[in-house]
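The values are calculated or read from the model by the stated rules, or taken from the named source; none is laboratory data. It should be emphasised that the depicted structure is a prediction, and the values quoted were computed from it without experimental measurement. Because the Cβ atoms are built from the backbone with ideal geometry, glycine has one as well, and the counts that use them run over all protein chains shown.
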Amino acid sequence: MLDVHKIREDFPILKREVNGKTLVYFDNAATSQTPQVVINAIVDYYSNYNANIHRGVHTLSQEATDAYEIARKKVQEHFNAQYTHEIILTSGTTHSINIVATGFTNFLSKGDEIIVSALEHHSNIVPWQMLCDRTGAVLKVIPMNEDGELLMDVYDTLLSDKTKLVFVNHISNALGTINPIEEIIEKAHKVGAAVLIDGAQSCPHVKPDVQALDVDFYVASAHKLCGPTGVGLLYGKEEWLNKLPPYQGGGEMIDQVTFEKTTYAGLPHKFEAGTPNICGGIAFGAALDYMNSIGFDNIASYENELLEYGTKKLLEIEGLKIYGTSKNKTSVISFNLENIHPYDVGTIVDKLGIAVRTGHHCAQPIMDFYKIPGTIRASFSFYNTKEEIDALVEAVKRAKMMLS
Ligand SMILES: *Cc1c(COP(=O)(O)O)cnc(C)c1O
């Protein structure tokens, strides 16, 4: 089992004060906090072997290259990809999605269809709209119900031989719903469509197995799983990555360059033009090591406990409504107080040292569905405690008193 008080010692930031109170950090769905081992990996890199990779013969460059490629191997093992070269290190989820969305320009024609879900983050909507604009393909949306669950019977009716691509997030960042991605992938493959799963929100809670899922592309960001910002991954099946054209041209991604013709490097370098986030990649590996040392089963069961406790305590507040009530959800609670703007609640709660997110959470279509301007979102991580949830409940009660 998980010893939360010991774990909290690993995160220096959890000791700081905000507005005279000990920080309570409940904005984990936006970015997670960073444990000392990951901070140490960053300091070690810049203190001891900062150098550009892949090109140098000198010792520092070789050490940096080795560390970066070891990190790639760790990512491969974590996601259980078949080959290391199926792991493209990118600047994050958004970058990864854009590599695929841009690459698919070559494969789509007018009238082809792309399916996304009603639960998507903006970064998983806009690139597909741009792709549709370029190709004449049509965007179809799997709708959701009041609980924030996808209507899978409607999904069945959207699929056809026109469907070329399906894009769904594994877990919704706004509501915490866990989507039935196994079923989504299997049904898409039956009509010959490729599937990209956005795992930005699931990777902090579960350990995906891309081979077992048989998914074509899987993307995530390190900064939501205890790693630094500016680095993430694009997993793609080898055959897809070979078919996709490069996204950016530049150094590192070439084989031979003349002014007449350039040939591209093999995988994964074809998609890694320019100097990558070397330190970030290495720290990403350290973050995966750290999370695996705690264990994803332990993380999931503890976070579930927090979710149940938080849901029960918050619902005791009269006039509080929770959005996203699927049985299948992670430790994200999106809520509002009757007749009070979420921003006003967030401001008062911050004065009491508690970090929650307010707004549309980059998922405006979900807010439109519920006809609300936004929500207050508390997202819990394995380093949070029930005492912190009690503090949030007290703060929300206080906000309610002051604002109504
Ligand atoms: C955070 C998030 C993204 C965007 O990730 P970036 O790191 O900002 O690129 C995309 N999808 C979901 C579901 C997210 O939670």
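Among the residues of segment 157-167, are any under 28 Å from HIS78 (Cα atoms) and either more than 12 Å from the ligand (Cβ to nearest atom) or small (Gly, Ala, Ser) (or both)?
So the first thing to find is which residues in segment 157-167 are under 28 Å from HIS78 (Cα atoms), and the list is 165-167.
With either more than 12 Å from the ligand (Cβ to nearest atom) or small (Gly, Ala, Ser) (or both) added as a condition, the list becomes 165-166.
Checked segment 157-167: at least one residue is under 28 Å from HIS78 (Cα atoms) and either more than 12 Å from the ligand (Cβ to nearest atom) or small (Gly, Ala, Ser) (or both).
If I ask for residues that are in contact with an Asp or Glu (Cβ under 7 Å, 6 or more places away or on another chain) and charged (D, E, K, R), which ones from segment 82-127 would you list?
Hit for segment 82-127 is GLU86, nothing else.
Looking at VAL100, VAL18, VAL37 in this structure, which one is among the hydrophobic types (A, V, I, L, M, F, W, C), farther than 23 Å from GLU303 by Cα and surrounded by fewer than 22 Cβ atoms within 10 Å (Cβ to Cβ)? Full working, then the answer.
On the way: VAL100 fails: surrounded by fewer than 22 Cβ atoms within 10 Å (Cβ to Cβ); VAL37 fails: farther than 23 Å from GLU303 by Cα.
The unique qualifying residue is VAL18.
Between residues in segment 327-351 that are touching a residue at least 60 places away in the same chain (Cβ under 8 Å) and surrounded by fewer than 18 Cβ atoms within 10 Å (Cβ to Cβ) and residues that are hydrophobic (A, V, I, L, M, F, W, C) and in a loop (DSSP other than H, G, I, E, B), which pairs lie under 7 Å by C-beta distance while being six or more apart or on different chains?
Once the first residue is touching a residue at least 60 places away in the same chain (Cβ under 8 Å) and surrounded by fewer than 18 Cβ atoms within 10 Å (Cβ to Cβ) and sits in segment 327-351, no partner that is hydrophobic (A, V, I, L, M, F, W, C) and in a loop (DSSP other than H, G, I, E, B) comes close enough.
May I ask you to list pairs of residues, at least six apart or on different chains, whose Cβ atoms are under 9 Å apart, with the first in segment 144-160 being loosely packed, with under 14 Cβ neighbours inside 10 Å and the second being modelled with pLDDT of 95 or more and among the aliphatic types (A, V, I, L, M)?
Partner pairs satisfying both residue conditions: ASN145/LEU151; MET152/ILE142; MET152/ILE184; SER160/VAL191.
If you scan segment 1-31, which residues turn out to be in contact with a Phe, Trp or Tyr (Cβ under 9 Å, 6 or more places away or on another chain) and part of a helix (DSSP H, G or I)?
VAL4, ILE7, ARG8, ILE13, LEU14 - these are the residues of segment 1-31 that are in contact with a Phe, Trp or Tyr (Cβ under 9 Å, 6 or more places away or on another chain) and part of a helix (DSSP H, G or I).
Residues checked against (1) assigned to a loop (DSSP other than H, G, I, E, B); (2) more than 30 Å from MET1 (Cα to Cα):
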{"site": "VAL345", "(1), (2)": "no, yes"}
{"site": "ILE348", "(1), (2)": "no, yes"}
{"site": "CYS362", "(1), (2)": "yes, yes"}
{"site": "MET367", "(1), (2)": "no, yes"}
{"site": "PRO373", "(1), (2)": "yes, yes"}
{"site": "GLU387", "(1), (2)": "no, no"}
{"site": "GLU394", "(1), (2)": "no, no"}
{"site": "LYS400", "(1), (2)": "no, yes"}
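Are any residues in segment 105-148 within 16 Å of the ligand (Cβ to nearest atom) and acidic (Asp, Glu), and if so, which ones?
Answer for segment 105-148, where residues must be within 16 Å of the ligand (Cβ to nearest atom) and acidic (Asp, Glu): just GLU120.
Identify, from the list ILE184, ILE197, the residue that is closer than 25 Å to GLU146 by Cβ, within 16 Å of the ligand (Cβ to nearest atom) and not in a strand (DSSP E or B). Can you show your working first?
Values: ILE197 fails: not in a strand (DSSP E or B).
Result: ILE184 is the single residue among ILE184, ILE197 that is closer than 25 Å to GLU146 by Cβ, within 16 Å of the ligand (Cβ to nearest atom) and not in a strand (DSSP E or B).
Considering segment 74-91 alone, what residues qualify as being out of contact with any Leu (no Cβ under 9 Å at 6 or more places or on another chain) and either among the aromatic types (Phe, Trp, Tyr) or surrounded by 19 or more Cβ atoms within 10 Å (Cβ to Cβ) (or both)?
GLN76, ALA81
Go through (1) away from the ligand (no atom under 15 Å from the Cβ); (2) touching a His at 6+ places or on another chain (Cβ under 8 Å); (3) not basic (Lys, Arg) one by one and return the number of the condition GLY230 breaks.
Of the numbered conditions (1) away from the ligand (no atom under 15 Å from the Cβ); (2) touching a His at 6+ places or on another chain (Cβ under 8 Å); (3) not basic (Lys, Arg), the odd one out for GLY230 is (1).
Tell me which strands (runs of 3 or more DSSP E) are completely within segment 212-316 and hold 3 or more residues being in contact (Cβ under 8 Å) with a residue 60 or more places away in the chain, or say none if there are none.
Values: elements: 217-221, 232-236, 254-257, 262-264.
Correct list: 217-221, 232-236.
Look through segment 24-50, keep the residues that are in contact with a Leu (Cβ under 8 Å, 6 or more places away or on another chain) and touching a residue at least 60 places away in the same chain (Cβ under 8 Å), and return whichever of them is nearest to the ligand (Cβ to nearest atom).
Result: SER32.
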